[in-house]
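Novice: Here it is, the structure, as structure tokens.
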Amino acid sequence: MMSSATSNLADSLSDAVLNQNDPETVRQGAPAYLLLVDGLISDDPENVDLLLTGANLYSSYADAFVDDEERAARLAEKARDYGWRALCRSDRSACGSWSAPYDRFEAVIAGMNAKHVPVLFGSGAAWATWIRNNTDDWAAVADKARVDAMMQRVVELDEGYDDGAAHLYLGVLATLLPEAAGGKPEDGRRAFERAIELSGGRNLTAKVLLAESYARLIFDQELHDRLCREVIEADPVAPGLTLANTLAQERARTLLADSMDYFGD
């Protein structure tokens with residue numbers, strides 16, 4: 001009962017953050033939330049739901065609110081580690097697989113079923129955030145193949161999970177590098193477009209990433225500016241997406257203001 005109560009508290013906390021329409025409130029209040037989640041996990045270290053909440057909150061905070069690169073990388077590492085712990089607690093065969101040879105890791109992920117979708121997605125998302133904060137480390141960038149395998153498995157098991165957000169991460173991973181360096185921008189475009197489709201257009205972050213990660217990568221100013229304007233003009237309020245959408249609108253305004261300088265038009 002206590003474990004269930006703390007899980008419910010963590011879920012309520014996460015929902016309150018995700019549905020907040022004032023990013024500054026979250027920016028100022030999130031550190032206290034993070035410490036609270038740390039405490040809850042310390043008291044119940046085997047609780048997968050709590051570990052996933054920690055992974056989600058730490059990765060979201062590092063990605064959206066931390067400008068200092070060293071600090072963001074440190075927080076993203078904690079998110080990744082919480083995600084790994086959740087993966088291990090949900091399936092003991094997964095313990096340590098993140099550092100095992102890739103074929104063993106791939107076999108573990110392939111053996112997971114529909115009940116593992118939340119932990120596959122949550123731990124994979126935190127891991128992806130860590131990679132994005134360590135793109136100067138080729139060993140970290142090499143991990144994107146493992147996260148890609150996790151998100152592909154989520155798509156296979158439940159493509160619509162979290163409004164298709166697995167496609168969003170697949171898009172990020174595909175556009176992390178330019179095509180000449182092994183990136184796959186067209187795969188990224190299709191993934192972002194599928195995330196937009198599955199969310200019914202409500203996930204504005206997918207459109208911003210399509211603009212920033214794809215349109216800028218292939219130097220398509222017309223697509224870039226159109227997407228940014230669509231995001232700015234959209235209603236950001238949507239269950240579970242309000243904070244992310246509000247932040248996406250802020251990012252879209254910045255991208256649009258910088259468009260002429262970036263594209264040289």
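Novice: Give me the accessible area per residue for region 86-132, probe 1.4 Å, as a whole number in Å². Intermediate values should be presented prior to the final figure.
Specialist: Values: 1830 Å² over 47 residues.
It amounts to 39 Å² per residue over region 86-132.
Novice: Something else about it: Among rounded, prolate and oblate, which fits region 117-265 when a ≥ b ≥ c are the square roots of the eigenvalues of its C-alpha gyration tensor, a/c under 1.5 means rounded, and a/b larger than b/c means prolate?
Specialist: oblate
Novice: Hey, another quick one. Quick one: grab the alpha carbon gyration tensor of region 199-258, order the square roots of its eigenvalues as a ≥ b ≥ c, and give me rounded if a/c is under 1.5, else prolate or oblate depending on whether a/b is larger than b/c. Walk me through the numbers on the way to the answer.
Specialist: Working: a/c = 2.21, a/b = 1.80, b/c = 1.23.
Taking the square roots of the gyration eigenvalues as a ≥ b ≥ c, region 199-258 is prolate.
Novice: Here's another thing I want to ask about it. Got a sec? What order do ILE218, ILE196, ILE131 fall in by accessible area at 1.4 Å, biggest, i.e. largest, first?
Specialist: Ranked from most to least accessible, the order is ILE218, ILE196, ILE131.
Novice: Which lysines does LYS115 reach when only Cα atoms under 25 Å apart count, and residues fewer than 8 places away in its own chain are ignored?
Specialist: Straight-line reach from LYS115, under 25 Å: LYS78, LYS144.
Novice: Using the Cα centre as the reference, give the magnitude of the dipole from point charges on the C-beta atoms of the chain (Lys, Arg: +1; Asp, Glu: -1; all else neutral), rounded to the nearest 20 debye.
Specialist: So the magnitude is around 540 debye.
Novice: Counting each DSSP H run of 4 or more residues in the chain as -39500 (n - 2.57), what helix-only mean residue ellipticity at 222 nm follows after dividing by all residues, to the nearest 500 deg cm²/dmol?
Specialist: The per-residue figure over the chain is -22500 deg cm²/dmol.
Novice: Where in the chain are the DSSP H helices whose alpha-carbon span along the long axis reaches 15 Å or more and whose Kyte-Doolittle mean is at least 0.5?
Specialist: 48-65, 117-132
Novice: Put +1 on the Cβ of every Lys and Arg and -1 on every Asp and Glu Cβ in region 15-168; which of ALA55, HIS116, TYR33 then has its Cα farthest towards the positive end of the dipole?
Specialist: HIS116
Novice: For ASP91, what residues show an amide H to amide H distance below 5 Å, using hydrogens built from the backbone and excluding near sequence neighbours?
Specialist: Sorted by chain and number, the residues that satisfy this come to none at all.
Novice: Work out how far the C-alpha atoms of the chain reach from end to end along every principal axis, then list the three figures in whole Å, largest first.
Specialist: 58, 42, 35
Novice: So for each of 72-78, 228-234, 19-25, 55-61 I average, over its residues, the number of other beta carbons within 10 Å; can you give me the resulting order with the highest mean first?
Specialist: The packing order, highest mean first, is 55-61, 72-78, 228-234, 19-25.
Novice: Want the number for GLU186 to ASP38: 0.36 nm per residue separation, take away the alpha-carbon distance, what's left?
Specialist: The GLU186-ASP38 span can extend by a further 49.4 nm.
Novice: Over region 21-84, with the other protein chains present, what is the accessible area per residue in square angstrom, probe 1.4 angstrom?
Specialist: Details: 3070 Å² over 64 residues.
Spelled out: the 1.4 Å probe surface of region 21-84, per residue, equals 48 Å².
Novice: How much accessible surface area, in Å² rounded to 10, belongs to the heavy atoms of LYS144 with a 1.4 Å probe?
Specialist: Result for LYS144: roughly 50 Å² accessible.
The values are calculated or read from the model by the stated rules, or taken from the named source; none is laboratory data. Predicted model, so just to flag it, every value in this text is computed and none were measured. Cβ sites come from the backbone with ideal geometry, for glycine too, and all protein chains shown count toward neighbours. What goes into the accessible areas is simple: the full protein's heavy atoms, side chains included, and nothing from ligands, DNA or RNA. Shrake-Rupley method; radii C 1.70, N 1.55, O 1.52, S 1.80 Å.
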